[in-house]
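Engineer: Got a structure here, written out as structure tokens. Questions coming.
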Amino acid sequence: MSETYPSEPVAVLSEAQQAKQEQVRLELEHRFRHCLRSGCISPLLHLMIRYKMRSLP
Amino acid sequence: MTCAITPDQVAARVRDLPPLPAILIELIGSLGGDGVSSEAVANKLSQDLGLSAKTLRMANSSFFGMTRQIGSISDALAVLGLRTVRTLVLTAGLMDAFKQTEGIGFDFKVFWRHAVGAGLCGRLLARDLGMDSDVGFTVGLLHDIGTLALACLFPNEYERTLVWRRQNDLLLIDAETAVLGTDHAQVGAVLLERWHFSPVLVEAIAHHHAPAMHHGPGLVGLAHLSDAFSHALALSGQDDEVVPPTPTEIWNAMAPSSDRCMALFAEVESEFDGVCQALQV
């Protein structure tokens, strides 16, 4: 017997929000790669990643 | 790849720059204290219409949230106070020290947006650390002024530096050292000495990429953190900005708590556009 569950509400992002999200993702990815390559680990970068992820739509 | 620039060449070109207006020299000398009167500032500024207009535009920006128009420098002094007006005049005046030059491969807008971001970070960090917030703003705003000097005084050499940086995904200072044999921190210090900034401010600019605890948890560390916070927030608009590493001892001694950092990021982001709009960057 199968049960049906209400689906999770999925936030629909506008094109501008999606573009912003993609831009932030690319920025963070670039910094993270730079960090790994250069060996320059920064607690600030860690905080910034948390901040940016939190403020994404 | 190297095209070394000697300290003598830097000194000679900096010496050839036109002098700053007298009012700016006087305000620079008074930075961090109260050694200048409101009347003197109002009188001297009245003789420089361009600088007055720019100062008023900033005073009327959304950053200050005034409910009425500030119409004159005297008005600004009465409403905002001498210390704030001094910071505004210095900002307006120093931003004019290097005119935007077309075709030198250097993005003035990116430069000033990063500088303004660092100024705002410097102001808030200084406030948290119990330091002078006007000095914090100024040290943030000017920490990379040597970059602008290098780009304007040695445009061809600097263009090669920027290409090298991008190709190798380096910190700007590492690309400068590799290509030019000097860097913007050293050149900025020479420039600030020429402009009669105090030795502590000159030292802050000179060492902002290599702050150490022997400098104490003071302006050197503040200049460094302002720069790092502004890069971390990616305020310049440059797509490959990277965050310079902060020495652990400086981070432990001077950085705010995690929660406070989050609040500071949000505060800087909310102020940033208004200030850039007022400064037209």
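Just so you know, all these numbers are worked out from the coordinates, no wet-lab data involved. The structure displayed is predicted, hence computed values, not measured ones. Neighbour counts are summed over all protein chains in view; Cβ atoms, including those assigned to glycine, are modelled from backbone coordinates with ideal geometry.
Engineer: Would you mind working out the magnitude of the charge dipole of the stretch B:155-208 relative to its Cα centre, with +1 at each Lys and Arg C-beta and -1 at each Asp and Glu C-beta, to the nearest 20 Debye?
Structural biologist: Details: 4 positive and 8 negative charges, 21 e Å.
So the dipole magnitude of the stretch B:155-208 works out to roughly 100 debye.
Engineer: Another question about this same structure. If one computes the Cα centroid of the stretch A:17-57 and of the stretch B:144-169, what distance in Å separates the two points?
Structural biologist: So the separation of the two Cα centres works out to 25 Å.
Engineer: Which whole-angstrom value gives the distance between the alpha carbon centres of the stretch B:17-77 and the stretch B:216-275?
Structural biologist: If we compute the Cα centre of each part, the gap is 27 Å.
Engineer: What is the local net charge at residue B:123, summed over the other residues whose Cβ is closer than 11 Å to its Cβ (Lys, Arg +1; Asp, Glu -1)? Can you show the working numbers first?
Structural biologist: Working: positive: B:127; negative: B:128, B:132, B:134, B:267, B:271.
Overall, the nearby charge balance is -4.
Engineer: If each residue of separation counts as 0.36 nm, what is the full-extension length gain between residue B:11 and residue B:257 once their alpha-carbon separation is subtracted?
Structural biologist: Extra length from residue B:11 to residue B:257 when fully extended: 84.5 nm.
Engineer: Peptide B:224-235: average number of partner chain Cβ atoms within 10 Å per residue?
Structural biologist: Average per residue, whole number: 3.
Engineer: Got a sec? Which residues in the stretch B:67-105 would a label at residue B:60 touch, if it sits 7 Å along Cα→Cβ and we count backbone N under 11 Å?
Structural biologist: Answer for this model: B:68-72.
Engineer: All other residues with a Cβ under 12 Å from the Cβ of residue B:180 taken together, and with Lys, Arg as +1 and Asp, Glu as -1, what is their net charge?
Structural biologist: Net charge in that neighbourhood comes out at -3.
Engineer: Pull out a ≥ b ≥ c, the square roots of the eigenvalues of the alpha-carbon gyration tensor of the stretch B:69-147, then state rounded if a/c is under 1.5, prolate if not and a/b is larger than b/c, and oblate in the remaining case. Spell out each step's value before the answer.
Structural biologist: Working: a/c = 2.85, a/b = 1.35, b/c = 2.12.
It is oblate, given that a/c is not under 1.5 and a/b is not larger than b/c.
Engineer: So what's the back-of-envelope 222 nm ellipticity for chain B, counting only DSSP H runs of four-plus at -39500 (n - 2.57) apiece and dividing by all residues, rounded to 500?
Structural biologist: -20500 deg cm²/dmol
Engineer: Using only the Cα atoms of the stretch B:165-281, build the gyration tensor, take square roots of its eigenvalues as a ≥ b ≥ c, and label the shape rounded, prolate or oblate: rounded if a/c is under 1.5, else prolate if a/b is larger than b/c, else oblate.
Structural biologist: Taking the square roots of the gyration eigenvalues as a ≥ b ≥ c, the stretch B:165-281 is rounded.
Engineer: Is the stretch B:1-133 best put as rounded, prolate or oblate by its Cα gyration tensor, with a ≥ b ≥ c the root eigenvalues, rounded for a/c under 1.5, and otherwise prolate when a/b is larger than b/c, oblate when not?
Structural biologist: prolate
Engineer: Okay, moving on. Sort B:158, A:51 by Cβ crowding within 10 Å, fewest neighbours at the top.
Structural biologist: Ordered from fewest to most neighbouring Cβ atoms within 10 Å, B:158, A:51 come out as A:51, B:158.
Engineer: Cβ under 13 Å from residue B:221's Cβ, residue B:221 left aside: what net charge do those residues give with Lys, Arg +1 and Asp, Glu -1?
Structural biologist: Value of the local net charge: -4.
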